[in-house]
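> A single structure is presented below for examination.
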Amino acid sequence: MRRLLLDLTPLRGREFRLLFLGQMVSFFGSMITFVALPFQMYDLTGSTFAVGALGICEFVPILGIALFSGALADAFDRRLLVVFSELGSAVVMAVLLGNALLDEPHAWVLFVCATVLAGFYALLRPPLDSLVPRVVPREQLKAAMALEWVRGNVGMIAGPAIGGVLIAAFGVPLTYGIDLATFLISLGFLALMRATPPPADADAPSLSAIKEGLRYAGSRPELLGTYLVDINAMLFGMPQALFPAIATRYGGAGVLGLLLAAPAIGSLVVALFSGWTRHVHRHGRAVALAACGWGVAIVAFGFTDVLWLALACLAVAGAMDAISGLFRSVIWNETIPDRLRGRLAGVEMISYTSGPTLGNFEAGALASLTSVRTSVVSGGVLCVAGTVVLVALLPAFWRYDARERAVPTTR
C-alpha cells in the first residue's frame, strides 16, 4: 500500500518545502481570483463577450513573454525572478482591490489588470518550473511532480468553490484582499529560501539564446513528443467551453460546478496514489497512452446522457491528464540541462496554455456548426487518432526509456 501512496520524501528538503508551501498558498488565492475576476466583469457589464475577452487579454502576454522569461531564468537567480513576479502580482491585486472598493468600479481596470497579471504569470512560470530541479534530487523528481499535481488540484477544487461562497457572502473586494494576502505570505516563504545563482557560463538573455533553446527542443524527439501530444489532446479533446450547454441537459447552473470539478478530482486521486509511477521508466509511452485514455474518456462523456456517468468520464479524463502531465514533467526535469531549463520551460508553458485555449475555441466553433455531442465525440476521436499519428512520426518518443538516458549536453 505504501508503494501506491503519494511519496512525501521531497518535503523533507528545506528548500523544496518552502517553495511548495509558499506556492500552495499563492495558488489557492489565485484560484479565488479565477472566479472573482470574470464574476465582477459580468456584474459590471452584463456582457458574456466582455468576460470572454478577458481570456484573450490573458493569453496574448503569455505568448509574448514566456520565451523571454525562460531566457531570463537561465541567466539570473530563479528565486529572485519568482519573487519579482509574485511582488508584481501582489501590486496588481492591490489595484483590483482598490477598484472594487469604489462606488462605481471600472471595467477597463479589469481588462488592464487581467493583462498585467497574465504577464507576471508568464514571467513566473519558467523560473518557477526550472527551480524545482535545483532544489530536488533527481531520484525524487517524480515524487516532487506528484506533490505539485496535488497542490494544483487541491487549489483548483477548493479555490473556486470557496471563492464563490466568499463572493456570495461578502462580495468581490474580500476575495481580492485574500489573494493579495496569499501573495504576501508566498513572498515570506521565498525570502527564507537560499539564493539560486545561475551557472558561471550562463548565456545572457537575448534573441540568439531563445533560438538556441528552440533549436535544442527541436533536436530532441522525446521533447517534441511531449509538446505535440499534449497540444493535440487539448486542441481536439478539450470540451470545457461546452460545459454550460451540457449542464442545461442535466439541470442547469448547479451542475456546471460539478462538471468543472470532476476532472480535477480525477487528477487529484492519481496524484495521491502516485507511488506506482516510480516504477515506470518508459515515460514517452506513458504520456502517449494517457493521452489516448483522455480521448476515449471524452468520447464516452459525449455519448452519455446520465449525469453520474458523465462525471465519472470526466474524472477518468482528469486522471489521464494527470498521468500525462506527471511524466511530461519528469522527462523535462530529468533530461534538460540546467543551463537550458528556463528557456525550455518557456516552450513548455506555451504548449500547455495554447492547447486548452485553442481547444475551447475549436469545440465551441464546431458545436455551433454541428451539435454539442458531435463536437465532443469527434474531438475525442481526433485526440486518439492524432496521438497515434504523432507516435508513428516520433518513434524515439515512444521508445524513450529513462534508464537509458542521462542528462544530455548541449554542445
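> Can you find even one residue in the range 356-376 that is acidic (Asp, Glu) and under 21 Å from Ile65 (Cα atoms)?
No, the range 356-376 contains no residue that is acidic (Asp, Glu) and under 21 Å from Ile65 (Cα atoms).
> Further question on the same structure: So if I check each of Gly218, Gly163, Gly225, which one is open to solvent by 20 Å² or more (accessible area, probe 1.4 Å) and under 23 Å from the mean Cα position of the chain (by Cα)?
Gly218
> Still on this model: If you check Ala286, Ala261, Ala271, which single one turns out to be over 20 Å from Pro239 (Cα atoms) and in contact (Cβ under 8 Å) with a residue 60 or more places away in the chain?
On inspection, the qualifying residue turns out to be Ala271.
> Something else: Taking Leu131 as the residue in question, decide whether it is of a type in the set (A, V, I, L, M), out of contact with any His (no Cβ under 7 Å at 6 or more places or on another chain), touching a residue at least 24 places away in the same chain (Cβ under 8 Å) and buried (at least 21 other Cβ atoms within 10 Å of the Cβ).
yes
> Taking the conditions exactly as written (open to solvent by 30 Å² or more (accessible area, probe 1.4 Å) and more than 16 Å from Met24 (Cβ to Cβ)), does Pro173 satisfy them or not?
When the stated conditions are applied, Pro173 passes them.
> Shifting gears a bit: Can you go through Phe59, Phe76 and tell me which one is within 30 Å of Ala144 (Cβ to Cβ), buried (at least 19 other Cβ atoms within 10 Å of the Cβ) and not aliphatic (A, V, I, L, M)?
Phe76
> Any idea which of Leu117, Leu141, Leu147, Leu101 is within 22 Å of Met320 (Cα to Cα) and modelled with pLDDT of 90 or more?
Leu147
> Next question. For Glu348, are the conditions met, namely being of a type in the set (Asp, Glu), surrounded by fewer than 20 Cβ atoms within 10 Å (Cβ to Cβ) and out of contact with any His (no Cβ under 7 Å at 6 or more places or on another chain)?
Against the criterion (of a type in the set (Asp, Glu), surrounded by fewer than 20 Cβ atoms within 10 Å (Cβ to Cβ) and out of contact with any His (no Cβ under 7 Å at 6 or more places or on another chain)), Glu348 does not qualify.
> Somewhere in the range 265-275, is a residue open to solvent by 40 Å² or more (accessible area, probe 1.4 Å), assigned to a helix (DSSP H, G or I) and closer than 30 Å to Ser378 by Cα?
yes
> For the range 289-299, name all the residues that are over 15 Å from Leu228 (Cβ atoms) and either in contact (Cβ under 8 Å) with a residue 60 or more places away in the chain or open to solvent by less than 10 Å² (accessible area, probe 1.4 Å) (or both).
Result: Val296, Ala297, Ile298, Val299.
Table: residues versus (1) more than 18 Å from Phe59 (Cβ to Cβ); (2) at pLDDT below 90; (3) of a type in the set (A, V, I, L, M, F, W, C).
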| site | (1), (2), (3) |
| --- | --- |
| Gly325 | yes, no, no |
| Ile350 | no, yes, yes |
| Asn360 | no, yes, no |
| Thr370 | yes, yes, no |
| Val381 | yes, no, yes |
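> Do we find that Phe183 is part of a helix (DSSP H, G or I), touching a Ser or Thr at 6+ places or on another chain (Cβ under 8 Å) and either buried (at least 18 other Cβ atoms within 10 Å of the Cβ) or of a type in the set (S, T, N, Q) (or both) in this structure?
So Phe183 fits the description; yes.
> Which condition from (1) among the hydrophobic types (A, V, I, L, M, F, W, C); (2) modelled with pLDDT under 95; (3) open to solvent by 40 Å² or more (accessible area, probe 1.4 Å) is the one that Val91 breaks?
(2)
> Follow-up question, since we're still on this one. In the set Pro244, Pro199, which member is open to solvent by 10 Å² or more (accessible area, probe 1.4 Å) and over 24 Å from Ser85 (Cα atoms)?
Pro244
> Within the range 203-221, count every residue that is of a type in the set (Asp, Glu) and part of a helix (DSSP H, G or I).
Counting residues in the range 203-221 that are of a type in the set (Asp, Glu) and part of a helix (DSSP H, G or I) gives 1.
> Continuing with the same structure: Return the residues of the range 83-114 that are β-branched (Val, Ile, Thr), closer than 29 Å to Pro198 by Cβ and in contact with a helix residue (DSSP H, G or I) (Cβ under 7 Å, 6 or more places away or on another chain); say none if nothing qualifies.
Those that are β-branched (Val, Ile, Thr), closer than 29 Å to Pro198 by Cβ and in contact with a helix residue (DSSP H, G or I) (Cβ under 7 Å, 6 or more places away or on another chain): Val83, Val92.
> Just wondering, is there one or more residues in the range 233-243 that are farther than 30 Å from His283 by Cα and of a type in the set (Phe, Trp, Tyr)?
Yes: one or more hits.
> Could you check the range 363-373 and list, in sequence order, the residues that are surrounded by fewer than 22 Cβ atoms within 10 Å (Cβ to Cβ) and either touching a residue at least 40 places away in the same chain (Cβ under 8 Å) or in contact with an Asp or Glu (Cβ under 6 Å, 6 or more places away or on another chain) (or both)?
Within the range 363-373, Gly364, Ala367, Val372, Arg373 qualify.
The values are calculated or read from the model by the stated rules, or taken from the named source; none is laboratory data. Remember, it's a predicted structure, so these values are computed and weren't measured experimentally. A quick note on method: Cβ atoms are made from the backbone with ideal geometry, for glycine too, and the neighbour counts reach across all protein chains shown. Only protein heavy atoms, including side chains, enter the accessible area calculation; ligands, DNA and RNA are left aside. Shrake-Rupley method; radii C 1.70, N 1.55, O 1.52, S 1.80 Å.
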